[in-house]
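The values are calculated or read from the model by the stated rules, or taken from the named source; none is laboratory data. All of these numbers come straight from a predicted model, not from anything done at the bench. Every residue, glycine as well, gets a Cβ built from its backbone with ideal geometry; the counts of neighbours run over all protein chains shown. Protein only, heavy atoms only, side chains kept; ligands, DNA and RNA dropped before computing areas. Shrake-Rupley method; radii C 1.70, N 1.55, O 1.52, S 1.80 Å.
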Amino acid sequence: MSISLLRITALIAAILWMPVAGLFAQDSLDARFGSIPDSLYSMQSPADNPDAPYIITNKELDVSFRETEQSIVAVLEHHVRKKVFEDSVREASVVAIPYYFDNNMEHVVNIQAYTHLPSGERIPVEDGDIRTININSRYNVKEFTMPQVQEGAILEYRYVIQRRYIEELPDFFLGHQVPTAATKLTITYPEYLRYQPFVEDYNGKIDHDFVYTDTSSVPKVFTIPQPKPIVTERWMAYNIPAVEDEAFMSSMDDYRAKIKFLLSEFGIPRQQLENSWEVVVARIREKTNPWWAIRSNNVAEARGDSIASAMEAQPPEAIQDSIFKFVNQKVNYSGEHRPYSLSRDRGVIAGQPSDQAAINQTLISMLHGAGIDANPVLVSTRPSGQINMDFPSFYQFDSQLVQSKINGETHLMDASFAHSQPGLIRVDAFNGRGLVMGQDSFEWIDLKPEKSNFDIQVAIDAQLQSNGTLVGKVNAQQGGYPAQFIRQQRADGNSDADILKRVLFDGYPQMSVDSVQISNIDSYNEPIAIAAQFEIENYATSFTDGLKFRPMIVGYQRENPFKDKSRQHPITLDAPEHLDLLYEIDLPSGFRAPESRQNKILRFPGAEFRETYDTSSGALKYEYQIDISQKNFSTDFFSQLYKLYERWVQLSNTAWLIEN
């Protein structure tokens with residue numbers, strides 16, 4: 001027989017009134033705290049990672065439980081030690097303890113920290129040195145800096161997190177950006193609960209066992225009932241390698257070795273719990289349902305109906321665009337993203353600071369008023385990692401988008417994203433999968449917002465003068481994220497000339513522009529169009545035998561974002577990218593084009609780089625086209641992706657000799 005997590009609250013209330021034997025709370029921290037063995041002072045950097053600035057020598061977590069008048073509280077006692085090899089690295093000395101403060105779920109208490117110097121002196125962290133930093137609407141961080149850190153020092157700290165939500169425990173990370181010598185996690189269970197562990201991103205050995213502690217003083221006579229022993233479950237792992245922070249990762253947490261825990265048994269007697277996404281959705285509907293606000297947003301619904309009535313002859317896509325633009329221009333985004341909100345439509349439309357969910361719930365209500373089917377989509381942003389489908393939990397969601405359906409076509413959008421449009425969402429929200437929360441159903445979707453890309457087309461028609469000055473005109477079209485950036489720049493009061501230089505000619509202080517025109521600012525279904533005349537003094541370097549000319553005038557990539565030629569983790573780009581650069585450069589009289597260059601194509605699944613050259617007319621005519629049609633690549637394609645970017649960098653840094 002199994003029971004749903006939805007019944008846990010009632011069961012907890014019943015358990016708290018039962019005189020149950022064996023309820024246990026671990027009162028004392030590890031006795032080794034503050035006592036540093038000599039072996040740590042003599043420890044050297046690991047042979048397989050000699051450049052590590054420090055290592056984590058010990059990481060321990062003891063979990064126990066205590067009962068209050070209204071709830072059961074998980075008590076998480078942490079103890080960490082680090083050995084410093086390079087004192088200039090800030091990450092070694094700064095300690096950040098994240099905790100879930102929303103709804104008073106977690107509290108951090110009893111922080112103690114010391115720097116143990118090689119001389120034997122011990123320097124404490126004072127209470128006044130500990131600061132609280134707000135990260136977002138859910139999380140705070142307790143942060144402090146270890147004092148007088150020097151090479152060879154041992155940094156040691158401990159703290160306690162008191163957690164009211166016991167349906168799951170915080171992730172216990174085995175892997176970090178530096179090697180970890182030893183980790184240990186223990187859970188001391190009361191009689192009425194057990195957890196199911198999920199080990200992720202770790203193929204090494206984990207020692208796992210149970211310890212049964214007999215606390216009975218009753219004589220061991222079979223006729224006398226014996227109390228049940230206290231059960232402690234333990235996990236221990238050693239020599240865990242560092243997790244490398246690589247360019248274009250979805251999130252480091254997606255690849256760090258960790259153990260996750262879901263409550264799997266509860267009650268007296270214990271019963272199996274049903275853990276599934278169906279249960280999670282049912283819990284959302286009961287406790288954090290975005291439809292509460294959506295159904296109550298009568299002002300927004302009426303406004304949507306009014307807009308649709310005024311556009312009765314227009315197709316529904318045009319009505320949707322108009323409603324989206326109305327909300328997008330009216331709102332005052334507070335910077336907080338969350339999966340649901342109780343805030344209502346009046347404040348959102350009035351321009352009061354509003355979180356992302358409140359804004360998008362207002363948009364959904366307006367779309368409903370216009371007769372357009374729309375639902376909230378719960379997602380996880382990139383800093384929080386991708387959604388783990390094998391670990392059903394509401395707390396994986398930290399953001400909300402909107403999905404509409406018109407004539408069988410779906411549109412993904414976020415009205416809190418300034419100067420955006422349907423199909424264009426923030427890069428951080430473009431992250432794997434999302435849960436579409438219908439009023440009576442739900443479904444999972446892959447996030448594929450059709451306009452969330454980098455789309456840049458540039459054509460340059462110019463004359464290279466004998467003194468190296470380049471004079472000509474530029475015409476460009478930009479869509480997706482570049483168009484959103486330009487609209488934001490215009491709204492911020494930047495001139496068209498400044499915008500042109502920033503988006504196309506960044507890095508040319510000696511450049512002058514004239515007749516700059518930026519159009520389609522308000523036509524969101526059209527790409528931004530840019531036209532201008534320009535002059536760049538000394539663009540080409542003059543030599544006795546000619547001019548050195550850099551062919552990649554705009555769209556250059558000076559460095560390869562992939563620093564190494566090897567790769568551990570899959571590649572997650574910000575978004576698909578399309579770059580088309582077309583050049584036609586007339587040469588000064590008496591100068592001749594360089595020898596004909598060979599056309600090239602670098603192509604593999606999901607990406608293509610095409611180079612086309614034509615110097616038959618005596619002018620320089622060439623085109624570079626980079627088309628990366630997807631954002632996710634496995635490590636199997638890393639070498640090819642590296643070569644694509646390396647070729648881009650090579651062309652950006654090369655120079656042609658234009659001989660006279």
Only residues of segment 398-417 count here: report those whose backbone N is under 12 Å from the spot 7 Å along Cα→Cβ of Lys330, or say none. none
In Å², rounded to a whole number, the accessible area per residue of segment 282-345 with probe 1.4 Å is 50
So how exposed is Lys228, as accessible area in Å² (1.4 Å probe, rounded to 10)? 140
Length released on extending from Asp390 to Ala619, taking residue separation times 0.36 nm less the Cα-Cα span: 76.5 nm
Please tell me which of these pairs span more than 20 angstrom C-alpha to C-alpha: Lys258/Lys563; Lys59/Lys82; Lys59/Lys83; Lys451/Lys631; Lys142/Lys260; Lys83/Lys258? Lys258/Lys563; Lys142/Lys260; Lys83/Lys258
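From largest to smallest, what semi-axes in whole angstrom does segment 386-462 give when each is the square root of 5 times an eigenvalue of its alpha carbon gyration tensor? Walk me through the numbers on the way to the answer.
Working: eigenvalues 169, 49, 25 Å².
With the √(5λ) rule applied to segment 386-462, the semi-axes are 29, 16, 11 Å.
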Provide the FRET efficiency to the nearest 0.05 for the Asn103-Ala459 pair, computing r from the beta carbons and using R0 = 41 Å. 0.15
Sum of side-chain charges, Glu317 neighbourhood, beta-carbon under 15 Å (Lys, Arg +1; Asp, Glu -1): -3
For Lys600, give me every one of the aspartates and glutamates with a C-alpha distance below 12 angstrom, ignoring sequence neighbours fewer than eight places off in its own chain. Glu608, Glu611, Glu623
Expressed as a whole percentage, what fraction of the accessible surface of segment 257-375 belongs to carbon and sulfur atoms when a 1.4 Å probe is rolled over the protein heavy atoms? 45
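Over segment 32-123, what is the relative contact order in whole percent, taking alpha-carbon pairs under 8 Å and six or more residues apart? Write down the numbers at each step before the final one.
Details: 86 pairs, mean separation 20.5, N = 92.
Averaging sequence separation for qualifying contacts and normalising by length gives 22 percent for segment 32-123.
What FRET efficiency do you get for Gln439 and Thr612 if R0 is 60 Å and r is their Cβ-Cβ distance, rounded to the nearest 0.05? If you can, show how the numbers build up before the last one.
On the way: r = 53 Å, r/R0 = 0.88.
In this case the efficiency is close to 0.70.
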DSSP-defined beta bridges in the chain - what % are antiparallel, rounded to 5: 90
What figure in square angstrom, to the nearest 10, would you give for the accessible area of Tyr508 with a 1.4 Å probe? 20
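Nearest 0.05, what FRET efficiency do Ala491 and Gln196 give at R0 = 60 Å with Cβ-Cβ as r? Don't skip to the end; give the middle numbers.
On the way: r = 50 Å, r/R0 = 0.84.
Here the calculated transfer efficiency is 0.75.
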Note, Leu424: beta-carbon cut-off 15 Å, +1 each Lys/Arg, -1 each Asp/Glu, net -3
How tilted is helix 481-491 with respect to the longest principal axis of the chain? Cα atoms for both, answer in degrees (0 to 90, nearest 10). 80
Pairing the Cα long axis of helix 277-287 with the longest principal axis of the chain, what angle in degrees results, from 0 to 90 and rounded to the nearest 10? 80
Classify the chain as rounded, prolate or oblate from the Cα gyration tensor: take a ≥ b ≥ c as the square roots of its eigenvalues, call it rounded if a/c is under 1.5, otherwise prolate when a/b beats b/c and oblate if not. oblate
